[in-house]
Each structure stands twice: as C-alpha cells, then as structure tokens.
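Engineer: Structure in structure tokens, see below.
What follows is calculated from the coordinates using simple rules that are stated; it is not laboratory data. Only a predicted model underlies this, so the values are computations on that prediction, with no experimental measurement involved. Ideal geometry is used to build each Cβ from the backbone, glycine not excepted, and the neighbour counts take in all protein chains shown.
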Amino acid sequence: MIADIITLVWKEWKEIFLQKSNLRGGILSLAIFIGISGIFLPLQAGREWLSSPLGLFIWLWFSVFMVLSMVTDAFAGERERHTLETLLASRLSDQAILLGKIAASVIYGWGMSIASILLGAVTVNIAFREGGFAFYQTQVWLGGVVFSLLGCLLMSTLGVLVSLKAPTARAAYQKLSSILLVLFLVPTLGMNLVPEETQIKIMTYLATVNLAQVMGVAAIVLLVVDVGLFFAARSRFQREKLLLD
Amino acid sequence: MNSIAIHTEQLSRSFGRVQALNGVTLDVPSGIIFGFLGPNGAGKTTTIRLLLGLLAPTSGSATVLGMDTQTHGAEIRQRCGALLEHTGLYERMTAEDNLELYGRIWQIPPAERQARIRSLLESTGLWERRKEPAGQWSRGMKQKLAVARALLHQPQLLFLDEPTSGMDAMAAAALRDELVTLVRQHGVTVFLTTHNMAEAEKVCQQVAVIRQGQVLMVGSPDELRLRKGGQRLEIVGRGFSEQALALLRQRPEVAGVNQVDQHIVIELHGEVDTAPLVQILVAHGVQIDEVRRGKASLEEVFLTLMEEEK
C-alpha cells in the first residue's frame, strides 16, 4: 500500500514538474511562492516576522493555492486525457489511488510552506542580525507547520471530491476556486456588515483570548473537517462511477 | 491451470434504457487468442470492463481465471493486462517513464523492470526514442508503447481493444507475431476485440460475433465460415448464358449464383461434388478459363451475420 502511494506521488510529480515542457513554469511558480513568503515579506516585517501571527495566514494561503493547482488535475485531468481507465484497470487499490493523489498534492503544498518558514527565519537573521540565530516563537512556527498541513489536507480532500465528479480539470479548478473564494470572502464581507460597535467588541475579545487555545480548537475543527472530507471522497470513489460519469 | 480462462453466464448490463449487453454466455479456453468481433456500439468495451471488474453486471455472472468478477475484481486486475479503448499513456511523460510507472505499479523489482522495459522497447523499435514525451509520437507509436505496457508484467490474460488500430502494416504484423509467440511459448490467453477481420482470421483460434449486446455466433473462423459462409466455386470464363445460370440455381447443392463481369461465384451448401456444375456450363457453351474452389472470408461471414440480424 505504502509503495503504491509512493508510486502515485512519483507519477504525479513527474508528470507535472519534471518534464521539460513544464519545468520552467514549475520552477517559476515555486520561486514566486518561496520568494514572497520566504524573503520579501520577512524583509518587510523585520524581526517581528518571527513573532507575528501574520506568517501563519501567508503560509496557509499560499500552500492552499499550490495544492489547488495540483489537485484539480487529480481525477478530472486524468479522465480528460483518457488515462484514468487504464489506471483503474491496474492492480492498484481504491485506497492507494485516492491516498496517492491526496499525498502528492499535500506533500507539495506543505513542503513549500516548511521551506518558506525556514527561509523566512534565515532571511530575518541575515538582514536584521542581533546576536545569535533567532527562530520563530513556538506558537508561530508550530502553528505554521500544523495549519499549513491541515489547510493542504482540507484543500486536497475537497479538491479530490470535486475532481472526482468534474468533467474537466478546468471545471474542477473553477469550482474549487469558487469554494475557496466563498470560504475566505464570506467572513471578511460578513465582518463589514456587522455594526462598528460589535466589531470593536469582537476585536477586543480576540485580543484577550489565549492564542494557543484558539489555535488548538481551530486545529481540531480543521482536522475533523479533513477526516470527514476524506471519508466523503472515499465513499464517492467508485470505479464504475468514475468510468461512467 | 484452469482450462477455461473466461466464462460468462447470461451476462447483461444496461445503462438506463440502453441494453449494452444482453445475456452473453461465453467460454474462452486458456492459451488461445480469442477474437471478439462486432461493429461500433456492439458491447465489446462494456464486456471488457465487466470482465475486469470495473463495471458490475445488471444480471448474470462472469469468472475470469476462475475468479468471480464481482467479488475478485482486484485479483483479476492483478493477473491481467489491458489495452483499452484509449492508449492511457501519460503524454507529458517520456515513453520510458510511462513503462517505469506501470513497472512500479506491478511491483516488478528494479533490475528486472529495467531489463523488461529495454527488451519491450527494443522489440517494438522504440528504444532509441525512449526519452521523448509520448505525446509527441504518432498514433501507431503510441499504440505500440501501450501494448508494451500491457505486456510489461507478463500477465496470464491479456485484454486488447483494437490493438493494431493506427499501426502501419509492418508494425501490426509484428504485433500479431508477438501475440502468437506469447500464446505458444507462455500459454497466455488473449481476448482481442477488432474490426479487422483479416487480422482475426490470421491470429484467432476462436471468435465470437457480437451485435447489439448479443453474441450471434461463436467458434473457430473455419467453423463460422462453414456454418455461415459455406463453400463456394468461382469460375472464370466467357459465354455465361442466363439459361445455364438458371439451371445452376435449380441444383439442390447450390445456394446462389452471382455473375460479376467475366466470372461467376456459386455459393454451395457445404462440401459437395462440383464436377456436375462445371459440366452444365460446358454443355451450354461456356468457355471456361479457370475454376477455383474456396471458402467465404471471415469478413463475408461477419457481414452476412450483420445483414441477417438487421
């Protein structure tokens, strides 16, 4: 099973990044992501970058987008290019195919996050040197690692779920982008609709809460949603439906 | 080894109101090339999907290599190779990587995998171009690569859906030879769908003709020709008169007479003595240049069956 998952991860990466025609585009998008979140933003923020929770949102947002571009191709792209049926006719189990597709995109997005977390620390230490090597506050780096993993898992399982049903990779991408926009825009716009007095109350309350506790609760909620989405994708993964849809 | 590689019993499958397969009962012996012949939409691809356990039948049952397709789909796929309707190649990946991927999927040890990939690519004449993305290749080359992929794990049973489609004549002939060798030397069973009747005639020990989801006839190409096409007598000459042809048509051993330019074709009821027929023509002043006995081709049998079922 593990070997099968690794094989699928190898295939996904090979297909997308290591071919000559895609190499330049792949390197460029990685360079932009790592350049912004690992060099440009830390330089702008200075040493505060190591203690500010802003990084959490940046790493989460970027890694989720990296996953989005990859995962929508998972099943819809294979169906579109007529490679899915041959894959389904192989000895691979349903679980291995599903987990392989999810793992490929999660490792990619999460790997990028970790790389930019580490690079951000190096950038700050080089540009704003004060004594020995300074690292992030525990809440920040741990939050970055955990939330980017859970965010990537969320986007990957959601992406697989959408991709299983979508006729083309483009359709899956559009649908998933819309879901993502709703997820991020609704709280932002909703906040604007709330009276100013209430907004101040909310912000005051947020300033007093224990950040570690909030992060813990948020992580548990995300994990539950991820697991739920994974099981939903697993129940929707039926070879017959995949061939006939 | 089980002497029957594939057995189906009243196998049916419908998609909504469309009956794609209707009560198909078949036995495919092990170690032969079995041709599954039918026009587009006859149910050939659905049959392969059912046999690989990718689709569930609406009714009926099937066993492949002794295993039920509904309960042992994974085990069946483990021991079978398949080239389906589409080549299924990853076009952005190189030819070598396409085989490497499936070699890994079939868990072939690395050293053996490399050796088999090399051997298959060399035998198909693709070795020199192994580093090129498959998407840049012609249809025939892709088809060759897809066949190589299906053979990579040395399956016991091979499903090939129109394998020579898009191949040039030499490549198609080489593949046919390869299939015959596989069957003779390794006892592999090949379930082959094709539109190419000449191809089926050359390589298949048994064929089934399917139309609108129903099997019309099963047997060896010779049996089918005997049952449906029968024997024929072709006579080249001059001076065929209507009277002589009418006399021929009255004979009990004659199924039909057709005149085409300078020759006539007499369809016969089985193996009969043809000398009296030639004597009738000579007696009516026909100058005969050549007399040929023959059988209907599989293509003619196929077309006759299709006409009858309309």
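Engineer: Is it fair to say B:Val147 is under 27 Å from B:Thr45 (Cβ atoms) and away from chain A (no Cβ under 14 Å)?
Structural biologist: no
Engineer: Which numbered condition trips up B:Met167, out of (1) touching a residue at least 40 places away in the same chain (Cβ under 8 Å); (2) away from every other protein chain (no Cβ under 14 Å); (3) touching a helix residue (DSSP H, G or I) at 6+ places or on another chain (Cβ under 6 Å)?
Structural biologist: Condition not satisfied by B:Met167: (1).
Engineer: Is it true that some residue in the range B:17-29 is touching a helix residue (DSSP H, G or I) at 6+ places or on another chain (Cβ under 6 Å) and surrounded by 23 or more Cβ atoms within 10 Å (Cβ to Cβ)?
Structural biologist: yes
Engineer: Of the residues B:Ile280, B:Ile264, only one is assigned to a strand (DSSP E or B) and not small (Gly, Ala, Ser); which?
Structural biologist: B:Ile264
Engineer: Which one is nearest to A:Ala127 (Cα to Cα), of the residues in the range A:42-78 that are touching a Pro at 6+ places or on another chain (Cβ under 9 Å) and surrounded by 22 or more Cβ atoms within 10 Å (Cβ to Cβ)?
Structural biologist: Among those residues, the one meeting the criterion is A:Trp49.
Engineer: Ok, one more. Could you please let me know if B:Thr63 is among the β-branched types (Val, Ile, Thr), surrounded by fewer than 23 Cβ atoms within 10 Å (Cβ to Cβ) and within 14 Å of chain A (Cβ to nearest Cβ)?
Structural biologist: no
Engineer: Also, I was wondering about something else. Does any residue of the range B:191-209 turn out to be in contact with an Asp or Glu (Cβ under 8 Å, 6 or more places away or on another chain) and more than 17 Å from B:Glu299 (Cβ to Cβ)?
Structural biologist: no
Engineer: Residues of the range A:123-136 being touching a residue at least 40 places away in the same chain (Cβ under 8 Å) and under 18 Å from A:Gly38 (Cβ atoms), which ones?
Structural biologist: Residues satisfying the conditions are A:Thr123, A:Val124, A:Ala127, A:Phe128, A:Ala134, A:Phe135, A:Tyr136.
Engineer: Let me ask something else about it. Could you please find all residues in the range B:69-88 being at negative phi, at the interface with chain A (Cβ under 7 Å from one of its Cβ atoms) and over 18 Å from the mean Cα position of the chain (by Cα)?
Structural biologist: Of everything in the range B:69-88, those that are at negative phi, at the interface with chain A (Cβ under 7 Å from one of its Cβ atoms) and over 18 Å from the mean Cα position of the chain (by Cα) turn out to be B:Ala74, B:Arg77, B:Gln78.
Listed here are the residues, each with its yes/no results for (1) within 24 Å of B:Ile48 (Cβ to Cβ); (2) touching a residue at least 24 places away in the same chain (Cβ under 8 Å).
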position	(1), (2)
A:Arg47	no, yes
A:Pro53	no, yes
A:Phe57	no, no
A:Leu68	no, yes
A:Gly77	yes, yes
A:Glu80	yes, yes
A:Thr83	yes, no
A:Leu87	yes, no
A:Ser90	yes, no
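Engineer: Turning to a different aspect of this structure: Restricting to the range B:61-77, name every residue that is part of a loop (DSSP other than H, G, I, E, B) and of a type in the set (Gly, Ala, Ser).
Structural biologist: Correct list: B:Gly66 only.
Engineer: Among the residues of the range A:182-224, which ones are in contact with a helix residue (DSSP H, G or I) (Cβ under 7 Å, 6 or more places away or on another chain) and among the small types (Gly, Ala, Ser)?
Structural biologist: A:Ala212, A:Ala219
Engineer: Counting only residues that are hydrophobic (A, V, I, L, M, F, W, C), under 30 Å from B:Met217 (Cα atoms) and part of a helix (DSSP H, G or I), how many does the range B:283-310 have?
Structural biologist: 6
Engineer: If we keep just the residues of the range B:1-51 that are within 16 Å of B:Val218 (Cβ to Cβ) and in a helix (DSSP H, G or I), which is farthest from the chain's Cα centre (by Cα)?
Structural biologist: This residue is B:Leu51.
Engineer: If you check every pair at least six apart or on different chains, which have Cβ atoms under 8 Å apart with a residue in the range B:233-247 that is without any contact (Cβ under 8 Å) to a residue 40 or more places away in the chain first and a residue that is outside any loop (DSSP other than H, G, I, E, B) second?
Structural biologist: Once the first residue is without any contact (Cβ under 8 Å) to a residue 40 or more places away in the chain and sits in the range B:233-247, its partners that are outside any loop (DSSP other than H, G, I, E, B) give B:Leu245/B:Val257; B:Leu245/B:Gln259; B:Leu245/B:Ile264; B:Leu247/B:Ile280.
Engineer: Looking only at the range B:207-263, filter to residues that are of a type in the set (Val, Ile, Thr) and closer than 30 Å to B:Thr8 by Cβ; which one of those is nearest to the chain's Cα centre (by Cα)?
Structural biologist: Ranking the candidates gives B:Val207 first.
Engineer: Among the helices (runs of 4 or more DSSP H) confined wholly to the range A:136-245, which include 2 or more residues that are among the β-branched types (Val, Ile, Thr)?
Structural biologist: Correct list: A:138-165, A:169-193, A:196-208, A:211-236.
Engineer: Among all residue pairs at least 6 apart or on different chains, which show Cβ distances below 8 Å where the first residue, located in the range A:207-233, is in contact (Cβ under 8 Å) with a residue 40 or more places away in the chain and the second is not in a helix (DSSP H, G or I)?
Structural biologist: Every condition considered, the pairs that remain are A:Leu211/A:Pro53.
Engineer: Continuing with the same structure: Restricting attention to the range A:58-93, and to residues there that are under 17 Å from B:Trp106 (Cα atoms) and of a type outside the set (Gly, Ala, Ser), which single residue is nearest to the other protein chains (Cβ to nearest Cβ)?
Structural biologist: Ranking the qualifying residues of the range A:58-93, first place goes to A:Thr86.
Engineer: Picking from B:Glu96, B:Glu91, which residue would you name as being buried (at least 16 other Cβ atoms within 10 Å of the Cβ), within 10 Å of chain A (Cβ to nearest Cβ) and either in a helix (DSSP H, G or I) or touching a residue at least 40 places away in the same chain (Cβ under 8 Å) (or both)?
Structural biologist: Sole residue among the options that is buried (at least 16 other Cβ atoms within 10 Å of the Cβ), within 10 Å of chain A (Cβ to nearest Cβ) and either in a helix (DSSP H, G or I) or touching a residue at least 40 places away in the same chain (Cβ under 8 Å) (or both): B:Glu91.
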